[in-house]
Amino acid sequence: MPRFTTPRFALIAIALLAAGSAAAVSSATARPKEPTLSASAKRGLTVAQARCAACHAVTPNAPSPNPEAPSFDDIANREGLTAATLRGYLRDAHNYPDAMNFRIQRQQVRDLSAYIVTMKYPGHKPAI
Ligand code: HEC
C-alpha cells in the first residue's frame, strides 16, 4: 500500500541522514561546537562559497580544492592574524597572488574577514 511505503522511505532517509551527520561530527571531535555566526559572518560565508571555494576550503576540516591555496581554517589560525590584518590584505588587490586575480567590494571584505576569524581555534593543527 503506497500509504505505508512513504513513511518507510522517510525513515530510511532519516536514518541515512543521521548516519551522515554522525560521521561529520566525529571527524570534528576536537573542535568545539560551531560558533553562532553574526549577520556579517554569515554574509561572508556566502561570499566565500561563491567566490573563494573553487580554490580554498572555506569551512573547517576540509581540504582545499586547489592544493596551493591554504584552507580558510589554516589562514584563520595563523599567528597574529586578526579580522583587521585580513581586511588589510583583502583590500589591497596588489597583495593577491596571481591566481586570485579578482576584486571584491569593501563590504564583502569586511564580511569575509568576520567569517574567517570565526574559525580561530587554539587547538588548530595546520593541514600543511
Ligand atoms: C583561483 C584560485 C583562488 C581563488 C578563487 C581564491 N584564492 Fe585565495 N589563494 C589562492 C592561492 C593559490 C593562494 C596561495 C598563494 C600563495 O601563498 O602564494 C591564496 C592565498 C590566499 C590568502 C593568503 C593566505 C596566506 O598565505 O597568507 C588569502 C587570505 C586568500 N587567498 C583569500 C581568498 C579569498 C577571501 C578568496 C575569495 C574572495 C580567495 N582567496 C579566492 C587561490 C585562490
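The values are calculated or read from the model by the stated rules, or taken from the named source; none is laboratory data. Fair warning: this is a prediction, and the values are worked out from it, not measured in the lab. We place every Cβ from the backbone using ideal geometry, glycine too, and count neighbours over all the protein chains shown.
Please give the number of the condition P60 fails out of (1) in contact with an Asp or Glu (Cβ under 6 Å, 6 or more places away or on another chain); (2) near the ligand (Cβ under 10 Å from one of its atoms).
Unmet for P60, out of (1) in contact with an Asp or Glu (Cβ under 6 Å, 6 or more places away or on another chain); (2) near the ligand (Cβ under 10 Å from one of its atoms): (2).
For region 81-99, check the following and say yes or no: at least one residue is at pLDDT 95 or above, away from the ligand (no atom under 11 Å from the Cβ) and not β-branched (V, I, T).
The answer is yes; a qualifying residue exists.
In region 72-118, what residues are assigned to a helix (DSSP H, G or I) and over 22 Å from S38 (Cα atoms)?
A93, H94, N95, D98, A99, M100
Taking R43 as meeting all but one of (1) in a loop (DSSP other than H, G, I, E, B); (2) of a type in the set (D, E, K, R); (3) more than 11 Å from the ligand (Cβ to nearest atom), write down the number of the exception.
(1)
For a quick check of your reading of the model, give me the residue pairs whose first member lies in region 35-64 and is within 19 Å of P122 (Cα to Cα), whose second is away from the ligand (no atom under 11 Å from the Cβ) and among the polar types (S, T, N, Q), with beta-carbon atoms closer than 7 Å and at least 6 apart or on different chains.
P35/T118; L37/T118; N61/S27
Those residues that are within 13 Å of the ligand (Cβ to nearest atom) and surrounded by fewer than 15 Cβ atoms within 10 Å (Cβ to Cβ), I need them from region 105-123; list them, please.
Q105, R106, Q107, listed by residue number.
Criterion first (more than 7 Å from the ligand (Cβ to nearest atom), in contact with a Pro (Cβ under 7 Å, 6 or more places away or on another chain) and either under 14 Å from L112 (Cβ atoms) or in a loop (DSSP other than H, G, I, E, B) (or both)) does A53 satisfy it?
It is false that A53 is more than 7 Å from the ligand (Cβ to nearest atom), in contact with a Pro (Cβ under 7 Å, 6 or more places away or on another chain) and either under 14 Å from L112 (Cβ atoms) or in a loop (DSSP other than H, G, I, E, B) (or both).
Identify the single condition in (1) over 16 Å from A48 (Cβ atoms); (2) more than 11 Å from the ligand (Cβ to nearest atom); (3) surrounded by fewer than 16 Cβ atoms within 10 Å (Cβ to Cβ) that E68 does not satisfy, given that it satisfies every other one.
Evaluating E68 over (1) over 16 Å from A48 (Cβ atoms); (2) more than 11 Å from the ligand (Cβ to nearest atom); (3) surrounded by fewer than 16 Cβ atoms within 10 Å (Cβ to Cβ) leaves (2) as the failure.
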